[in-house]
Every structure is written in structure tokens, then in C-alpha cells.
1. Can you list the copy-to-copy distances for A:ALA346, using a point 7 angstrom from Cα toward Cβ, in nanometres, shortest first?
2. Note down the magnitude of the dipole of segment A:17-129 about its Cα centre, charges +1 on Lys and Arg C-beta and -1 on Asp and Glu C-beta and zero elsewhere, to the nearest 20 debye.
3. Go ahead and set up a Gaussian network model of chain B, Cα springs under 10 Å, then flag whichever of B:ALA337, B:ALA89, B:ALA308 fluctuates most.
4. Under 10 Å, Cα contacts only: if you run a Gaussian network model on chain A, which one of A:LEU44, A:LEU17, A:LEU314 comes out with the highest mean-square fluctuation?
5. Measure off, as a whole percent, the carbon and sulfur share of the 1.4 Å-probe accessible area of segment B:64-147, all protein chains present.
6. Rounded to two decimals, what is Rg over Rh for segment A:254-364 when you use alpha-carbon atoms and the Kirkwood radius?
7. Counting only other chains, and only Cβ atoms inside 10 Å, what mean value do you get across the residues of B:287-294?
8. Just the projected area, averaged over all directions, of the convex hull on the alpha carbon atoms of chain A: how many nm²?
There are 2 protein chains.
Amino acid sequence: MKIGVLGGGQLARMIALAGYPLGLKFIVLDPDPNAGAGGLSEHLLGAYDDPDLLAQLAEKADVVTYEFENVPAHVAKFLSSHTLVYPPAGALAVAQDRLLEKNFFKDLGIRTAPFAPVDSLPDLQKAMPAIGYPAILKSRRMGYDGKGQVVLKSAEALESAWESMQGAASIVEGFVPFQREVSIIAARSPSGAIAYYPLSENQHRGGILRVAECCTNDPEQATAENYVSLLLEKLDYVGVIALELFDLNGELLANEFAPRVHNSGHWTIEGAETSQFENHLRAILDLPLGSTQPRGYAGMVNFIGGLADDAQLLNIPNTHLHLYDKTPRKGRKVAHATVRADSETAYRDALQHLAELALAVDDS
Amino acid sequence: MKIGVLGGGQLARMIALAGYPLGLKFIVLDPDPNAGAGGLSEHLLGAYDDPDLLAQLAEKADVVTYEFENVPAHVAKFLSSHTLVYPPAGALAVAQDRLLEKNFFKDLGIRTAPFAPVDSLPDLQKAMPAIGYPAILKSRRMGYDGKGQVVLKSAEALESAWESMQGAASIVEGFVPFQREVSIIAARSPSGAIAYYPLSENQHRGGILRVAECCTNDPEQATAENYVSLLLEKLDYVGVIALELFDLNGELLANEFAPRVHNSGHWTIEGAETSQFENHLRAILDLPLGSTQPRGYAGMVNFIGGLADDAQLLNIPNTHLHLYDKTPRKGRKVAHATVRADSETAYRDALQHLAELALAVDDS
């Protein structure tokens, strides 16, 4: 079987590494000649929406999946009409539009931060009394559109904030004074079988994930599983999904979901019986899902913008290194390291050490 | 860093899969256009002793290693004069010659089955009273020479047995009425650091390994570690080595060693903190060796000649599949499956189930 992947970065790389033992072959479409999954797969070099390359991908791959959610709708539609595409295009459509996504959560009865659609300055002005300050104005779509986000601290900022959106359909969201950010990763098969991983507790800085830790027996596990199961069923989803949540005084609020394998689940390579990458493949191939049971304590540290010395990292007990074969540049994820240990003390010591080394090279 | 591998079969494949996370690239030399490591590496297609290809391998690879021990001496010498080659050529020389190997054990004070060199029929006739029946006559060298082995049951068989060796320098070995076969896998760095894996207990049938199981806290662990450390030091060894031993009433007798990653250590991928493949790479790159601690109960079943259905295998709890991308044919290893479990019962049940499935397709 040959798996096609839109995107050939580190997620495709880790999918391929998980897939070889299952006897799979890979073909990626990526415009970067140095894409990290290139050496592990046949590489179609070009734009994600190049019709000829997409036709080749559809013809050569038994199933197509992707490593990012901003796949243009017409690309997903084209591929879906020529081959199996998982996760389904409907999940992409929701994940690509912040307003659809928030309304989707709301319709499923999952609480979110307060939000309102904004298509004009009056919309924004009208919404703010109920949303409250501070708040954040975001374009509904991102990635290919490249529109930004603006923090709103007071009513005086609204006009310039709206101007900066350049007329893009937007959404305003209130801040949630959450205690922690968590995510749940789950896999669903075409047959409807679902496997849930233990919650990850995630630390972001500057909008980039820095540390993700496995939370075995978390008190919010059941709630998170219920929420993600609602998404999976409603979307008739196939593959791995990640749902990011805020924990506000023991109540979970949905932030967003990613219809793909997710950085907050990288610890599953060593820290769970079956990795998210392998379970994504098992799901899209309708193979039995593997156990998601944690193996001891596990957590992951991202390396952003630079990497510590290999030997120094591998000298930290219980540390597993994952380099992405990417040239370091500002703000770019180039590697992660996972700690897996049987004792909590050994785990904490190693994770702390790694986090310090990551911070020292972090330029973002 | 680019690692060159002589041979592109399943061992090279698993070395490459372990090496990508360390940021390594691979180049293999293998005459088979469908070599299993081909898709994971640059593939030099041709004979193992092709001078042009060897020159390319030496030029492109920072370090060269191999997945089989029958590398011709002139090939090892050529490579060693142009690039780093680990394990060292001296270890190959010993491992390739059964008589050198047995004498090597003897000189280190490690007991073996009784043996004697045989270069003529009189040699054989003279040796047998001390060796005893049954015994086995083997050519000293194998692989490239392609000479065979003959079981000797009585003095009447000696003449025809010797004739069948076609004059090849040979060795006769007595049988050892051992209770079990075990192996110890260890890794040594250029700096002299050594990491030892827990013993594997191995079941062979027809000279082919069928099942290998991790033996945590085995009473013979310390003896085995001592024996393999003697080999490693004497050979000034770098990389992973496997020493096969017979357990005779609680005493260990050396059978043979393999200067490479070994089938009896495949369970380390899931069953140890760091796999033998990763530790082989760490060793030959002089990086810190990773922990060899077992993770629960672990064992491996080989699939010879054929493979059970993927979905059926993956449906067995705690099972991890490793397909080699090889076309099944009689007696050919095409895959292995590892069971890793936290409870002994779960482990035994799954291993038993796998062994039954493997036996059902086994044509050897």
C-alpha cells in the first residue's frame, strides 16, 4: 500500500517512520526540495495545488492524508473524487474557518470562549460589550490567506484593529483565564472504533508549543474523551484528531481542533504503546487501532530556532531525540526530545534539563 | 552525517528507521534492486565487492557498517583505508572463521563445545574419540564459500562426510546437551563505554531463529556480560555485538558471535528503552549509549516464508508489527512481530497467539 501525504515536513516524516514497519510506502507532495520526509518517500516537488502533481498523487496513492489543515477546498475535492482522502474534507472545512469551528463546538454543546462574527467595524463595536476586554480579533481563515491576529485591550483600539484585518471575514474571541491548556488526541477508524490517548498538558509561549506532557489518570480525561467523540462522530472522522482545550476551574472549554497528527502528541512515540503516527495509519487503512496506554511518565520538549548538541542531549537519561532535518531559522521547530521514565523524579529531572537546554537555544 | 551500510536488507532497514530520528542519512550497497532499506536510503545497486561502488560508498559515507559478517577481507580492508568502518575488520575476521572463533573463545577462557580442526579425513578420524557422537562437521568459512554442514552420528559416516566438504578447511564440534539457547547483545563505543541488554532466550528450528524473549533478571546475566565484555575489549570493538550461548546446567558455553545487530535483539525496538539499532548507531558515532533497560515483558516471533493477515496480527493486544518489504519465499524471514506488555499473562497469551500464527504460515 502507498500512502500519499500533502506536505513533507516533520509530521509526514514521523508518519513515514511509523509506516515502514507496517510495510507501507509513501509519496509526499511538498514545494521544498529539502522536505524532511523526502528521503523517506517518493517526493513530488511542487505547489500543493499543482494540478499535475495532484493527479499523480491521486493516481499513485491508495490513500491520501495531510500534515496541515489548510488544504484548499478544491484540492481536497479533487483528491476525494480520485482516491480515498482521510481525514474527510468536511473536517478540513470546519477546521479552516474559526467561525465554523466555534459554531460547530457550540452546536455540539461544548463550551468555548465567548465569540462573535465580525465582518465590519460596527459588528466589532456591537460585539465587544458582551465579549469583554481583553479580547482577540482573528481572521476566520489563515495560512493561505496569511491574515493576522490583533489583541484588543480597549474600545479605542477597535477601529485600527479592524483596519488591520483588511476587510477579511473575522471573529472576535474573549480571553479565558484558564489554569492550563490541555489537548486530547484520538484516532477513529472507518468502522467507528475510537482510541483515546491520555490528555496532554501543553505549555505555549509566543503562540508556539514548547512542552507537552502526558497526564495519566487526569480528572478531566472522561470529559475530554466525550467532547472529542462528539466531534469524531459528527464529522464521520477517520484518522487522528487533536482537540485543544482550556481547563477553567475544572471545566473544559474547546479552543480549536487539528484534523491531523499533532505536536502535543509527539510523546506517544516512546510514551504510549502505539504512537499517534502509527494509529493514524492504522485508522486510515481500517486496521485495528493499537493500544494508547501510557508507558510510565512521558513528556516532550520542542527545539525552536536551534538545537543543543546531540551528545549533550543523548547524555540525559531517558531522553529520546527526534531531529527533523530542517535548517534552523528563527521561530522554526527543528527537533523535539521526549523523556520517558518509570519514576516521576527521573522524569521531572530530565524534562527540566531538556527544557533549559531548549530555552538556551530558543530565539523566538 | 551519512551512514553507509553493506547490505540493504531488514537489518539495514531497521538501522535506518532508528537513525532518521537522530538526523542521520543512509546509503546502502546491495545487489537486490528491491532491497528493503532501498526506499529509506540512497541505494548503490551492485555486488558487495564492486570496486567502483565501494569507492562511492567510502567517499559518501562518514562511517560504514554492515548487516552481515561475511564481508570479504579485501572489502573490509579497502573500506577501512578510506573511511571509518565499525565494527572493526578484526572482528569480522574472527567471526568469519569457525576455528578462529572457537580458539578466540578458548583463549579468553570461555568454555565452548568440544571442537577440533579438520583438514583431512585422518584429522577427523583422529578427533572423534575425544569429541564423541553425535557431532557436526562444518566448513570453517561460510556464506561466500557456500559450504555446508554434516551431522556425524557414527564412525561409519566419517568418510562420506569428509568427502562432502570437498576439501574445505573444516571444524568438528561436539553436541552440547544444553537446556536453552540464550544470547547477549551489547554495544561498545570508541571511548570504551559498554551497554548490555538483558539476555534473550532463543528458540531455533531448522537452524532458523523462531522466537526470542527478553529475560529480565536472568541468573546468567552477569556471566554473559562478563563473557561479552572480554570479546569487546579484546577486539577493541565498536558497535553492537551479539554473543550466542548455550546454557548447560547453569553454565554458559559460547556458540558463536555476530559482529552486528542481531535477530535475537529485535524485541529491543519496543521492549527496551533504546533499541539495539539506535545503540549501534550511537556507538559507531561515539554518541552516549542509551539505556538498555527493559520495558515490561517483551519477546519476538519471526515470520518465515509467509505472513499472517495484517489485521489479524494487529488485533492481538500488545503486538507490534515489523514487515521487511520482502517477497515471501521458502525459508525467508519476511517479518517479525514483537509483544510488549506490563503483565506476564498478557505477554504470554499474545506471544503464544503470534507463535501459532507464525507456525501456520511457516513453510521451512
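The values are calculated or read from the model by the stated rules, or taken from the named source; none is laboratory data. Since we're looking at a predicted model, the values are computed, not measured. Here the Cβ is made from the backbone with ideal geometry for all residues, glycine too, and neighbour counts use every protein chain on show. Protein only, heavy atoms only, side chains kept; ligands, DNA and RNA dropped before computing areas. Shrake-Rupley method; radii C 1.70, N 1.55, O 1.52, S 1.80 Å.
1. Spelled out, the distances from A:ALA346's label point are 1.9 nm.
2. Approximately 520 debye in magnitude.
3. Of B:ALA337, B:ALA89, B:ALA308, the Gaussian network model singles out B:ALA308 as fluctuating most.
4. A:LEU314
5. 58 percent
6. My calculation puts Rg/Rh at 1.00.
7. 4
8. Orientation-averaged projected area of the Cα hull: 17.8 nm².
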